[in-house]
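Here is the structure we will look at, set down as structure tokens.
None of the figures in this text is laboratory data; all of them are computed from the coordinates on show. What you see is a predicted model; the values in this text were computed from it and never measured. Positions of Cβ are generated from backbone atoms using ideal geometry, with glycine treated the same way; all protein chains shown enter the neighbour counts.
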Ligand SMILES: [Zn+2]
């Protein structure tokens, strides 16, 4: 019998930059299995707790953005990890749209910070008990 996938998957929509992504929560083994099955990508052997990356779906002819964390139970640690990966997603999404993330503490980067805030709200809204 086929093992049931215990991965939780949420679609986080971004109607502004059109950079929606899939948020996956679950054990790395389950996540790696899904990625291997859908994309033929070999399992990532690194010991990670979370990651953000882009895969190309040939059937749909489009890139798919992924944010994965191994667990989310509202602990400070889990929230910090998810926020960390969301920051990566925000940077990548804006970068893909040609929005430059500026260096230096005197620059405000408000577009980036607002975008991160937006993603944060979308995700926390979906996850709230
Ligand atoms: Zn990182």
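Among the residues making up the stretch 60-76, those that are assigned to a loop (DSSP other than H, G, I, E, B) and under 16 Å from residue 27 (Cβ atoms) are 70, 71, 72, 73. Of all residues in the stretch 88-99, none that is over 11 Å from residue 119 (Cα atoms) has its Cβ atom under 6 Å from the Cβ atom of a residue that is part of a helix (DSSP H, G or I) and within 15 Å of the ligand (Cβ to nearest atom), 6 or more apart or on another chain.
Residues that are surrounded by fewer than 17 Cβ atoms within 10 Å (Cβ to Cβ) and within 16 Å of the ligand (Cβ to nearest atom) within the stretch 67-82 comprise 77, 79, 80, listed in sequence order.
This table checks each residue for (1) part of a loop (DSSP other than H, G, I, E, B); (2) touching a residue at least 24 places away in the same chain (Cβ under 8 Å); (3) closer than 23 Å to residue 120 by Cβ.
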{"position": "14", "(1), (2), (3)": "yes, yes, yes"}
{"position": "23", "(1), (2), (3)": "no, yes, yes"}
{"position": "30", "(1), (2), (3)": "no, yes, no"}
{"position": "48", "(1), (2), (3)": "yes, no, yes"}
{"position": "78", "(1), (2), (3)": "no, no, yes"}
{"position": "82", "(1), (2), (3)": "no, yes, yes"}
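For the criterion of being away from the ligand (no atom under 16 Å from the Cβ), over 27 Å from residue 112 (Cβ atoms), touching a residue at least 24 places away in the same chain (Cβ under 8 Å) and in a loop (DSSP other than H, G, I, E, B), residue 43 fails.
Total residues in the stretch 32-66 satisfying the condition of being loosely packed, with under 10 Cβ neighbours inside 10 Å and more than 17 Å from the chain's Cα centre (by Cα): the figure is 9.
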